[in-house]
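The values are calculated or read from the model by the stated rules, or taken from the named source; none is laboratory data. Everything numeric in this text was worked out from a predicted model, so none of it was measured. All Cβ positions, glycine included, derive from the backbone under ideal geometry; neighbour counts span all protein chains shown. Side chains are part of the model used for accessible areas, which takes the heavy atoms of the whole protein and leaves out ligands, DNA and RNA. Shrake-Rupley method; radii C 1.70, N 1.55, O 1.52, S 1.80 Å.
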Amino acid sequence: MKPDKPADPTESVPDDETADVDESLGFFPSWGSLYATVIVYTIGLVIVLYVLTRVLDHSTP
Amino acid sequence: MSAVDWVVFALYFGGVVGFAFYQSRKNVGIEGFFLANRRLGWGAIGLSVMATQASAITYIGTTGQAFDDGMGFVQFYLAQPIAMVILCVVFVPFFYRAKVFTAYEYLERRFDAKTRSLASFLFLMSRGLATGIVLYAPAIVLSVIMGWDETLTILIMGAITVAYTMMGGITAVIWTDVVQMLMMFVGIAVALIMLFSSLPANVGFGDVLYIGGIENMWSSIDLSWDPTNRYTLWSGLIGGLFLSLAYFGTDQSQVQRYLTASSLKQSRLSLIFNAFFKVPMQIFILSIGVLLYVFYHFEKPPLVFHSAEVAQVEASDRAAEFAELQAQHTQVHGLRRDATLGLVDARAAGADLSGFQGDITRFDGEIENLRTSSRELIAEVRGSSSNDVNYIFPSYLITFVPAGVLGLLIAVIFAAAMSSLDSELTALSSATVIDFYQRYFKPEATDAHYLLVSRIATLAWGVFAAVFALYAGRLGSLIEAVNQVGSIFYGSLLGVFLLAFMVKRATANGAFFGLLTGLISVMAVSAFTDIAWLWYNVVGTVIVLIVGLAMRGPTEYSDSATAPAR
């Protein structure tokens with residue numbers, strides 16, 4: 001049901017699982033580029049919503 | 001509902017429940033029941049993560065909230081994509097590698113049994129209460145649609161959901177979630193299309209944006225730093241980041257999802273999927289609420305959307321007062337509708353809008369005052385507070401949506417609620433069985449025994465949730481209530497996991513007493529200050545980290561210094 005001996009959960013991630021950090025993920029050359037895209041996407045969302053907030057504010061004629 | 005609606009409702013609802021039972025055949029042993037034998041892909045997990053968070057509450061509570069307050073609630077979700085990246089980098093590798101059944105099991109490997117047990121207990125309390133609210137949400141719809149008593153509805157819904165959850169296990173839950181989530185996308189699109197098509201023919205998209213903007217309903221970014229303001233960009237980015245990290249990183253109902261992945265890559269991709277699609281989905285759902293607000297400038301809304309409360313006050317000796325308020329409401333709405341139509345015409349003609357706009361603003365204020373007076377009157381009659389925010393969208397559905405579509409939308413709401421509920425029941429069951437029953441009472445039983453106990457635990461949590469659900473209606477907006485309950489516990493839980501992952505000198509006592517101190521601090525902040533609830537997560541996390549760092553040991557943690565869990 002469970003592994004006989006659990007892996008040390010606090011040591012750094014072993015090679016077989018860090019190996020995928022640099023692997024290609026479709027359009028993205030690596031995990032790092034995918035994460036960076038998410039950050040840029042979030043900043044873009046905030047900017048777009050802020051612009052819409054200003055543009056669509058008709059509380060004063 | 002018409003016969004067509006009932007047929008659509010029965011087909012979809014029966015199909016989902018039948019599918020869940022069909023999937024229950026695949027449960028072989030406790031690892032299959034709780035973790036789908038760790039073989040699922042990112043697409044199914046990603047949709048399930050999304051579906052678990054977005055239940056019927058999302059449709060009912062969020063749309064009602066947007067109708068009342070506009071789009072500001074979206075700020076609560078803006079940090080979620082960033083949280084997903086942090087989870088992928090920091091949390092997921094630890095959980096995935098440790099091959100744990102529950103997130104809290106990991107804490108015993110890193111710290112000790114008491115820290116694990118306390119963390120798991122806090123999860124059980126917070127999620128158990130939140131599950132009650134999740135169960136209450138669809139009961140609202142039934143009470144409005146069919147006039148059923150909410151108590152009876154809660155009990156019936158709870159019984160059906162618990163029954164198939166006990167049989168289905170996580171595999172059935174996740175695949176059912178996939179279907180539910182796709183149907184939710186369809187439901188959102190249908191609701192938006194229905195609302196647009198219900199507007200007068202001469203009202204265009206630009207008019208909708210303008211009318212919503214008169215009361216600043218499209219405002220989604222608030223840059224103020226007022227900590228008592230519920231939703232600002234800063235409370236969303238900071239408090240929301242902490243809440244998202246805590247919810248997706250320490251709540252078993254989400255951790256359990258990505259523990260079912262066939263690889264670390266699949267786990268991460270399921271979260272990245274949510275990073276891209278969650279916020280747009282919330283924007284569309286909130287837009288439904290703002291569109292409702294605009295729609296009711298042309299169609300007369302009920303003065304009070306909770307029909308059962310209206311019936312109650314109309315049967316009381318205060319009925320004449322309520323009738324007078326309704327008469328005033330009808331009159332003011334007529335004036336507001338005329339002013340709104342005048343504004344639409346003026347926009348088309350390029351004429352001056354200020355007169356119409358001033359009238360609309362004034363009538364909006366008068367209608368809001370009438371709604372407030374009505375709520376106060378109802379509260380006096382009932383002897384308890386009145387809140388109809390969760391009835392706004394269901395009320396629109398039964399009044400304006402055509403036959404067939406109504407059945408589909410009601411089915412989507414119900415099935416989404418049930419798929420969230422079964423996810424949470426499975427998580428509660430796993431924490432109960434793995435973190436307590438197996439850990440303290442029966443460490444060496446057979447798989448069949450644990451499977452039986454897991455199903456019994458699912459039933460017990462279903463009963464607990466049903467009892468709490470009976471009181472959920474007094475908590476105001478459901479979506480807020482769920483997150484407020486969670487925020488009491490989440491920050492402290494996040495703090496202890498951050499200690500585990502990032503502070504190698506953190507000790508078991510530091511983690512345990514940090515967790516206790518954090519929890520007490522958040523409760524004190526909640527009881528004695530007006531700080532908005534999103535900040536509770538920050539307070540809890542920071543307190544735990546401070547205590548944990550103050551009590552850190554002289555040497556770094558190493559494997560040999562810690563006993564394995566079992």
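Kindly provide the helix-only [θ] at 222 nm of the protein assembly as shown, computed as the sum of -39,500 (n - 2.57) over DSSP H runs of four or more divided by all residues, to the nearest 500 deg cm²/dmol?
Calculated from helices alone, the mean residue ellipticity at 222 nm is -23500 deg cm²/dmol.
If I model segment B:71-182 as equal point scatterers sitting on the Cα atoms and use the Debye formula, what is log10 I(q)/I(0) at q = 0.12, 0.21 Å⁻¹?
-0.72, -1.28
Could you work out the relative contact order of chain B, using alpha carbon pairs under 8 angstrom and six or more residues apart, expressed as a whole percent?
Details: 926 pairs, mean separation 177.2, N = 566.
About 31 percent, as a whole number.
Would you mind telling me the share, in percent, of accessible area of segment B:1-156 contributed by carbon and sulfur at probe 1.4 angstrom?
69
What distance in nm separates the two pseudo spin-label positions at B:Asp530 and A:Glu23, each 7 Å out from Cα along the beta-carbon direction?
Between B:Asp530 and A:Glu23, the simple spin-label model gives 5.3 nm.
What size of dipole, in debye to the nearest 20, comes out for the protein assembly as shown about its Cα centre when the only charges are +1 on Lys and Arg C-beta atoms and -1 on Asp and Glu C-beta atoms?
1780
Which parts of segment B:281-315 would a label at B:Ile398 reach, counting a residue when its backbone N lies under 18 Å from a point 7 Å out along Cα-to-Cβ?
Label zone hits: B:300-315.
Chains A and B: how much accessible area gets covered up at their contact, both sides added, probe 1.4 Å, in Å² to the nearest hundred? Could you put the intermediate results ahead of the total?
On the way: alone 5820 and 20610 Å², together 22450 Å².
Heavy-atom accessible area buried at this interface is about 4000 Å².
Computed from the mean reciprocal separation of all distinct C-alpha pairs, what Kirkwood hydrodynamic radius does segment B:307-387 have, in Å?
Details: mean 1/r = 0.0709 Å⁻¹.
Evaluated over segment B:307-387, this radius sits at 14.1 Å.
Heavy-atom accessible area per residue, chain B, 1.4 Å probe: how many Å²? Please list the in-between numbers first.
Numbers: 18730 Å² over 566 residues.
Accessible area per residue, chain B: 33 Å².
Bin all alpha-carbon pair distances of the protein assembly as shown at 20 Å intervals from 0 and give each bin's fraction as a whole percent.
The distribution over the protein assembly as shown is 19, 52, 25, 4, 0, given as percents.
Can you give me the Kirkwood hydrodynamic radius for segment B:1-113, using every pair of distinct Cα atoms, in Å to one decimal?
The answer is 18.2 Å.
Largest first and in whole Å, what are the equivalent-ellipsoid semi-axes of segment B:396-551 based on the Cα gyration tensor, each being the root of 5 times an eigenvalue? It would help to have the intermediate numbers written out before the result.
Working: eigenvalues 241, 138, 33 Å².
Largest first, segment B:396-551 gives 35, 26, 13 Å.
Report the full-extension gain for the segment B:Asn216 to B:Ala379: residue separation times 0.36 nm, less the Cα-Cα distance, to one decimal in nm.
55.8 nm
Tally up the carbon and sulfur contribution to the accessible surface of segment B:307-387 as a whole percent, 1.4 Å probe, everything protein left in place.
Roughly 49 percent of what the probe reaches on segment B:307-387 is carbon or sulfur.
Can you grab the distance from the C-alpha centre of segment B:519-543 to the C-alpha centre of segment B:317-372, Å, no decimals?
Here the two parts' Cα centres lie 41 Å apart.
What FRET efficiency would be calculated for the residue pair B:Ala349, B:Asn369, taking the C-beta separation as r and a Förster radius of 45 Å, to the nearest 0.05?
Using R0 = 45 Å, I get an efficiency of 0.90.
What number results when the radius of gyration of chain B, computed over Cα atoms, is divided by 2.2 N^0.38 Å?
On the way: Rg = 24.5 Å, N = 566, 2.2 N^0.38 = 24.5 Å.
Scaled against compact globular proteins, the figure is 1.00.
Short version: ³J(HN,Hα) in whole Hz for each residue of segment B:509-515, in order, from phi by Karplus 6.51 cos²θ - 1.76 cosθ + 1.60 (θ = phi - 60°), x for Gly and Pro, what are they?
Each residue of segment B:509-515 in turn: 5, x, 5, 5, 6, x, 4 Hz.
Out of residues 5 or more away from B:Ser220 or on other chains, whose amide H comes under 5 Å of its own, with H placed 1.01 Å from N in the peptide plane?
A:Thr53
As an exercise, use a Förster radius of 35 Å and the Cβ-Cβ distance of B:Val190 and B:Ala323 to find the FRET efficiency, rounded to the nearest 0.05.
Plugging the Cβ-Cβ distance into 1/(1 + (r/R0)^6) gives 0.45.
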